[in-house]
Amino acid sequence: MPLRSPAHRPRALRAGATSAVLLALAACGTTPASSPAPSSGTSAPPAASSPTAPTAVPTPADGEQSASPRPAPTVTPTPTATPTPTATPTPTAAGSASPAPAPVTRRKPGWALDRIDQRTRTLDARYTVTHQGQGVTVYVVDGLFDVKNPELGGRASVGLKSGRGCALEDGTDHGLFVAGIIGGRRTGVAQRARLVAVGALNGCEGGSGDETEAQQRARVVRALTWVAKNGRRPGVVNLSLNVDAPAPTVAAAVQAVVDAGLTVVASAGNRGEDACRFPPAGLPSVVTVAASTRQDRDAGLNHGRCVDLFAPGEDVDSVVNEGLDPDRVVTSEGAATSWAAPYVSGAAALYLSAHPEASPAQVERWLVGHATRGALRGNLHGSPNRLLHVRGL
Ligand SMILES: [Ca+2]
């Protein structure tokens, strides 16, 4: 597949009614794939976010279907999720880590980094932060990926070796792309955060095919349980995946991670439906992230009262394997909440590097309270009008 395919329309990869774990990397059928805007040194954008919702299990031959129509939901409409609290009052002292570091500016970043460090829409071709995630560990609960990729700056390692990676139709590695948004040296929000790969998937399309729905969930639960037991504070857990039905075991495992003091960030999901129905989106104490576009519009994916805030999720830059692109950085096409959540995870790492003792509730309160209000235009489908903002630590 050509890496540059501006007219590429993402194709559906999702499996049929048996799928339980959906990677949140949908393409929004209503969102035009805008032309890629390579940032400095980046190149060749493959359509990184092709599938509407590839599953953790091998996908049957749905690869040819159009992504536009929402697949008939296999969801059981029984939201176990409760709305995520927008603010939790636990003002314990979240001590400052160190003397205020000097701001660091990256020039010509991708539009997403450029956007989240400023309140206004007109981009200034700069991404400036003071804290950079130093001292913070971000757990990427996802398909396993190559932690040696130079773009991860030697800061990544494998925590739980379980299952295998998820390579999207165009070759983009899902977990790697997520990790690159969190902490890639050129594309990451938090360029000094540690990244830990926690295996929670077993492929995502056309692969193994031998895991049942229960096995998929069990793998996600196992990954979360590992984090709850082994996760280091200050820490953040990124979940760019969703379950398409109520899942008490997943909810309990997520809560155990929060109880262990780690901040959990989840994608809202990509069906264009109520995010509350796709845990871990909307679970208590989880920061739930919807995707916005370069034009500050709702990307049209999951939405509603369970969303805490928006972050960029369309045409974003991140890391791929060298075999896919020699520069290892590409711009995705289409929209995906898989790509939006890691911007918030990176932001949580920035905050925790300034306030290492902060509780998950405090981190969430900062993320939500510090977001830019009223920046998003158009119909938000019931989601709050808040856009991630990272300056001012
Ligand atoms: Ca900027």
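Going by a ≥ b ≥ c, the root eigenvalues of the Cα gyration tensor, does the range 179-309 fall in the rounded group (a/c under 1.5), the prolate group (a/b larger than b/c) or the oblate group?
On the way: a/c = 1.31, a/b = 1.06, b/c = 1.23.
Taking the square roots of the gyration eigenvalues as a ≥ b ≥ c, the range 179-309 is rounded.
Quick one: which of 252-258, 141-147 comes out on top by average Cβ neighbours within 10 Å, and what's the full order, highest first? Could you put the intermediate results ahead of the total?
Details: 252-258: 20.4, 141-147: 25.1.
Going by the mean number of other Cβ atoms within 10 Å, highest first, we get 141-147, 252-258.
Residues with amide H under 5 Å of H131's amide H, sequence separation 5 or more or different chain, H placed in the peptide plane at 1.01 Å from N; which?
none
From the square roots a ≥ b ≥ c of the eigenvalues of the alpha-carbon gyration tensor of the range 120-387, which class results: rounded (a/c under 1.5), prolate (a/b over b/c), or oblate?
Details: a/c = 1.18, a/b = 1.10, b/c = 1.07.
In terms of gyration-tensor shape, rounded.
Counting Lys and Arg as +1 and Asp and Glu as -1, what is the net charge of the other residues whose Cβ lies under 12 Å from the Cβ of T128? The partial results should precede the final answer.
Details: positive: R106, R107, R126, R391; negative: D114, D117, D124.
Net charge in that neighbourhood comes out at +1.
Please compute, over every Cα-Cα pair in the range 137-234, the percentage with a separation greater than 22 angstrom. Intermediate values should be presented prior to the final figure.
Working: 1284 of 4753 pairs.
Cα-Cα pairs of the range 137-234 separated by over 22 Å account for 27 percent.
Per 0.36 nm of contour for each residue apart, how much would the distance between E357 and T105 grow if the chain were fully extended, relative to their Cα-Cα spacing? Kindly include the intermediate steps, with their values, before the conclusion.
Numbers: separation 252, 0.36 × 252 = 90.72 nm, distance 2.60 nm.
Stretched fully, the E357-T105 segment lengthens by 88.1 nm.
Need one word for the range 245-393: rounded, prolate or oblate. Basis is the Cα gyration tensor (sqrt eigenvalues a ≥ b ≥ c); a/c below 1.5 gives rounded, then a/b vs b/c decides.
Rounded.
Once both labels are modelled 7 Å past Cα along the beta-carbon direction, what's the T225-L123 spacing in nm?
It works out to 4.4 nm between the two label points.
Where does each of 276-284, 305-313 land if you order them by average Cβ count within 10 Å, highest first?
Values: 276-284: 26.7, 305-313: 29.3.
Taking the mean over residues of other Cβ atoms within 10 Å, the ranking is 305-313, 276-284.
Any read-out appearing in this document is the output of simple, stated calculations on the displayed coordinates, not a laboratory observation. Here the structure is a predicted model, which is why all the values come from computation and not from measurement. In this analysis, Cβ positions are derived from the backbone assuming ideal geometry, glycine residues included, and neighbour counts consider all displayed protein chains.
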